[in-house]
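Peer 1: Below you will find the structure I want to go over with you.
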Amino acid sequence: KNQVEQSPQSLIILEGKNCTLQCNYTVSPFSNLRWYKQDTGRGPVSLTIMTFSENTKSNGRYTATLDADTKQSSLHITASQLSDSASYICVVFAAGNNRKLIWGLGTSLAVNP
Amino acid sequence: EAGVVQSPRYKIIEKKQPVAFWCNPISGHNTLYWYLQNLGQGPELLIRYENEEAVDDSQLPKDRFSAERLKGVDSTLKIQPAELGDSAVYLCASSPGTANTGELFFGEGSRLTVL
């Protein structure tokens, strides 16, 4: 069964600290993996899209890694800011005959001053 | 460039009433999605259009939900009659191309409360 699991479910950090969010998936055949940021009451916004051959991709203070062998991805946030408080959702695109996006439940991040 | 526009942003109705949501995708985007998102959950796909064709509506509760995308641009999602369990945020997204591999751009969502 195609699944995307994220950890931790929620996380609280102090402003200026770094953090890493985890995503494990059992999606086959794999096409790409995406990280979205969703502020409360807003629609998700894409942070990165990574294909099978990409190991790391950065978008400002956000750096995503992908290990296609172990089917794991991480999102590292550097020097966190209050505006980073949001839900971060990992999404994997399943290719093949039944193409679809498989969504994780997200990690809720709170950055406190 | 204008993003994905949805309306209304908020809607409160009594159960058994009808409701409709409208979505205007980014100009030139062929693929349009309607998602349902419950509090604390990830979005769940209701229907995906490629141009005017519904290519994946397997998760759409067809007894009460309907959608259309006339002329392959704007789209409307309707619920009739609404039930208490339909309270959620309805998200519209669009993507360039038709391969379902491109980046998705989401609207702000329409929050439905059914009393």
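Peer 1: Would you please name the residue that is farthest from the other protein chains (Cβ to nearest Cβ), looking only at residues in the range A:33-47 that are of a type in the set (S, T, N, Q) and surrounded by fewer than 21 Cβ atoms within 10 Å (Cβ to Cβ)? Quick ask: steps written out before the conclusion?
Peer 2: Filtering the range A:33-47 down to residues of a type in the set (S, T, N, Q) leaves A:38, A:40, A:46.
Adding the requirement that they be surrounded by fewer than 21 Cβ atoms within 10 Å (Cβ to Cβ) leaves A:40, A:46.
Values: A:T40: 10, A:S46: 5 Å.
Among those residues, the one meeting the criterion is A:T40.
Peer 1: Just checking, which of B:L36, B:L70 is open to solvent by less than 50 Å² (accessible area, probe 1.4 Å), of a type in the set (A, V, I, L, M, F, W, C), touching a residue at least 12 places away in the same chain (Cβ under 8 Å) and touching a strand residue (DSSP E or B) at 6+ places or on another chain (Cβ under 9 Å)?
Peer 2: Numbers: B:L70 fails: open to solvent by less than 50 Å² (accessible area, probe 1.4 Å).
Only one candidate qualifies: B:L36.
For (1) within 12 Å of chain A (Cβ to nearest Cβ); (2) closer than 16 Å to B:P8 by Cα, each residue gets a yes or a no:
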| site | (1), (2) |
| --- | --- |
| B:D56 | yes, no |
| B:L60 | no, no |
| B:L91 | yes, yes |
| B:G102 | yes, no |
| B:F106 | yes, yes |
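Peer 1: Identify, from the list B:S75, B:S94, the residue that is surrounded by 15 or more Cβ atoms within 10 Å (Cβ to Cβ) and within 21 Å of A:G41 (Cβ to Cβ).
Peer 2: Values: B:S75 fails: within 21 Å of A:G41 (Cβ to Cβ).
Matching residue, one of B:S75, B:S94: B:S94.
Peer 1: A further question follows. Among the residues of the range A:52-61, is there at least one that is among the β-branched types (V, I, T), modelled with pLDDT under 95 and open to solvent by 20 Å² or more (accessible area, probe 1.4 Å)? Full working, then the answer.
Peer 2: First, the residues of the range A:52-61 that are among the β-branched types (V, I, T): A:56.
If we keep only those that are modelled with pLDDT under 95 as well, we get none.
So far as the range A:52-61 goes, no, none of its residues is among the β-branched types (V, I, T), modelled with pLDDT under 95 and open to solvent by 20 Å² or more (accessible area, probe 1.4 Å).
Peer 1: While we're looking at this one, here's another question. Any residue that is touching a residue at least 60 places away in the same chain (Cβ under 8 Å) and at negative phi - is there at least one of those in the range B:44-53?
Peer 2: Filtering the range B:44-53 down to residues touching a residue at least 60 places away in the same chain (Cβ under 8 Å) leaves none.
Within the range B:44-53, none of the residues are touching a residue at least 60 places away in the same chain (Cβ under 8 Å) and at negative phi.
Peer 1: Let me ask something additional. For the range A:72-94, how many residues are open to solvent by 10 Å² or more (accessible area, probe 1.4 Å), assigned to a strand (DSSP E or B) and either touching a Gly at 6+ places or on another chain (Cβ under 8 Å) or touching a residue at least 60 places away in the same chain (Cβ under 8 Å) (or both)?
Peer 2: Number satisfying all stated conditions: 1.
Peer 1: Output the residues belonging to the range B:54-67 that are closer than 28 Å to A:Y88 by Cβ, free of Cβ contacts under 8 Å to residues at least 12 places away in the same chain and open to solvent by 60 Å² or more (accessible area, probe 1.4 Å). Lay out the reasoning, then the answer.
Peer 2: Going through the range B:54-67, the residues closer than 28 Å to A:Y88 by Cβ turn out to be B:56, B:58-60.
Now restrict to residues that are free of Cβ contacts under 8 Å to residues at least 12 places away in the same chain: B:56, B:58.
Matches in the range B:54-67: B:S58 only.
Peer 1: Could you give me the residue pairs with C-beta distances under 8 Å whose first residue belongs to the range A:49-69 and is on the phi < 0 side of the Ramachandran plot, whose second residue is open to solvent by 50 Å² or more (accessible area, probe 1.4 Å) and small (G, A, S) wherever it lies, and which are 6+ apart or on separate chains?
Peer 2: Between residues of the range A:49-69 that are on the phi < 0 side of the Ramachandran plot and residues that are open to solvent by 50 Å² or more (accessible area, probe 1.4 Å) and small (G, A, S), the close pairs are A:A64/A:S58.
Peer 1: Now for a separate question. So which residues in the range B:1-21 are within 14 Å of chain A (Cβ to nearest Cβ) and part of a strand (DSSP E or B), if there are any at all?
Peer 2: B:V5, B:Q6, B:S7, B:Y10, B:F21, listed by residue number.
The values are calculated or read from the model by the stated rules, or taken from the named source; none is laboratory data. Because the structure is predicted, anything quoted here is derived from the model rather than measured. Cβ coordinates were reconstructed from backbone atoms using ideal geometry, including for glycine residues, and neighbour counts include every protein chain displayed. Note: accessible area is taken over every heavy atom of the protein model, side chains too, but ligands, DNA and RNA are not part of it. Shrake-Rupley method; radii C 1.70, N 1.55, O 1.52, S 1.80 Å.
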